[in-house]
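Taken together, the values in this text are just the output of simple stated rules run on the coordinates, not laboratory data. Just so it is clear, the structure is predicted and the values come from calculations on it, not from any experiment. Cβ coordinates were reconstructed from backbone atoms using ideal geometry, including for glycine residues, and neighbour counts include every protein chain displayed.
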Amino acid sequence: MLWLGVETSCDETGVALVEEEEGRTRVIGALLASQISRHRPFGGIVPELAVREHARNLPVLTARLFEETRFAPRELGGIAVTEGPGLASSLLIGNAYARAMGAAIDLPVFGINHLEGHLFSPFLEGEEPISFPFLGLVVSGGHSLLASVEGWNRYRILSSTSDDAAGEALDKIARLLGLPYPGGPEIEKLASRGNPKAFPFPRGFPEKGDLRLSFSGLKTAVRYFLARHADECRDPAFLADVAASLQESVVRTLCEKTLWAAASGGFRILAASGGVLANRRLREALEAGCRELGLLLRIAPPALCTDNAVMIASAAALKSAAGLPASLREDIDPGLPLAI
Ligand code: ATP
Ligand code: FE
Ligand code: MG
């Protein structure tokens, strides 16, 4: 069955066509309109601007997607859309668009939780099917969370964001360093030339077994550190050491807590996703840790780590194939939790 996915939870307009057969999905085509250059002058996302961009992009991208893949809307079996969490106005425009399309071609619209999309994205490439239970790690712009995934709709949160999500902290720290938005990839670039052991930046709740995920302390520590070393900050090599050291703090915190949760919970599979998992250093550290523990690591390819519509179409296709009914809330929910 052919599925169209629509993702507009934040600042990327994504549309994708996914074919589902016997519980396996295949990407037919996917398009993404990034708004980074539009928001960059403001140092972060401007919701009013985001919604205008989505409104402009959605019909153009969808038309191009069908044209390029040589499929037609009447061949669709289902439409999937992100119903939350995210920016209210961005979610609204995507949902209005998907519903209008559903009404026009008389198809049900399947609402997907954005975090559920991230959670299952590590399984979208490769041959092995999803095998429950697994430990899910999602680290993105708005969330850092660990969940025991026991089946579709059966997500037990083991730890979630206590203050700033890792991606949000990286974006804010990047601003302090004078780097453009989004900060995560910029910090990674700068860090590649620095020494990760140069400065011992703090880690949130470092005690073994404490799963709380906190990154605002790191942000504050970097702010004071930069103020104390204003002169040295003119040296690019010094800034590279700062970037490498703070990246290391994030990587070590995420790795240690995740691996502890995996070992103590008796998990055999770790599935990692979300924008921050595009970070090479974090991917390598998780790979090394999982190898040591004999844990099977599934990790989304970098392009599926950040926001995209493939993960939304695929989650709906797989849920539907597993017999779950198409469901769409009456309204979008900007604060939609993963587990209800
Ligand atoms: P959420 O999924 O929680 O609603 P979001 O959709 O905005 O938030 P994503 O698009 O999944 O989040 O991820 C974006 C975040 O990932 C940003 O904070 C960005 O800085 C971070 N990020 C992207 N690439 C990298 C990278 N290479 N290294 C570190 N962080 C990165
Ligand atoms: Fe996201
Ligand atoms: Mg994003």
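Expected output is a single nm value to one decimal: the length gained when fully extending between Ala326 and Arg154, i.e. 0.36 nm times separation in residues minus the C-alpha distance. What is it?
Between Ala326 and Arg154, full extension yields 60.3 nm more.
Please rank Arg56, Arg74, fewest neighbouring Cβ atoms within 10 Å first, as an exposure proxy.
With the fewest neighbours first, Arg56, Arg74 line up as Arg74, Arg56.
Once fully extended, how much extra length lies between Glu127 and Arg175, figured as 0.36 nm per residue of separation less the alpha-carbon to alpha-carbon distance? Write down the numbers at each step before the final one.
Details: separation 48, 0.36 × 48 = 17.28 nm, distance 4.04 nm.
Result: 13.2 nm gained on full extension.
Work out the FRET efficiency for Ala63 and Arg252 from their Cβ-Cβ distance, taking R0 = 45 Å, and round it to the nearest 0.05.
0.45
For helix 310-321, what angle does its Cα long axis make with the longest principal axis of the chain, in degrees from 0 to 90 and rounded to 10?
Around 50 degrees separate the two axes.
Below 14 angstrom from the Cβ of Val149, what's the summed charge of the other residues (Lys, Arg +1; Asp, Glu -1)?
Computed value for this residue: +3.
Label Ala237 and Arg52 with points 7 Å out from Cα along Cα→Cβ: what is the distance between them in nm?
Between Ala237 and Arg52, the label points sit 4.6 nm apart.
Report Rg/Rh for the stretch 147-285, rounded to two decimals, where Rg is the Cα radius of gyration and Rh the Kirkwood radius. Show your work: numbers first, answer last.
Values: Rg = 15.7 Å, Rh = 15.7 Å.
Taking Rg over the Kirkwood Rh, I get 1.00.
Which order results if Ile299, Ile105 are arranged by neighbouring Cβ count within 10 Å, fewest first? Walk me through the intermediate numbers first.
Details: Ile299 21, Ile105 13.
Fewest-to-most Cβ neighbours within 10 Å comes out as Ile105, Ile299.
Using only Cα atoms, find the angle between the long axis of helix 88-105 and the longest principal axis of the chain, and express it within 0 to 90 degrees, rounded to the nearest 10.
For helix 88-105, the angle is close to 20 degrees.
If you take every residue apart from Arg99 with its C-beta less than 14 Å away from the C-beta of Arg99, what net charge results, scoring Lys and Arg +1 and Asp and Glu -1?
Here the count lands on -3.
Two decimals, Cα atoms only, Kirkwood Rh: what is Rg/Rh over the chain?
My calculation of the ratio gives 0.98.
For Arg268 and Glu284, compute 0.36 nm times the residue count separating them, minus their Cα-Cα distance, and round to one decimal in nm.
My answer for the length gained is 3.9 nm.
Output the 0 to 90 degree angle, nearest 10, between the alpha-carbon long axis of helix 216-228 and the longest principal axis computed from the alpha carbons of the chain.
That helix lies at roughly 40 degrees to the long axis.
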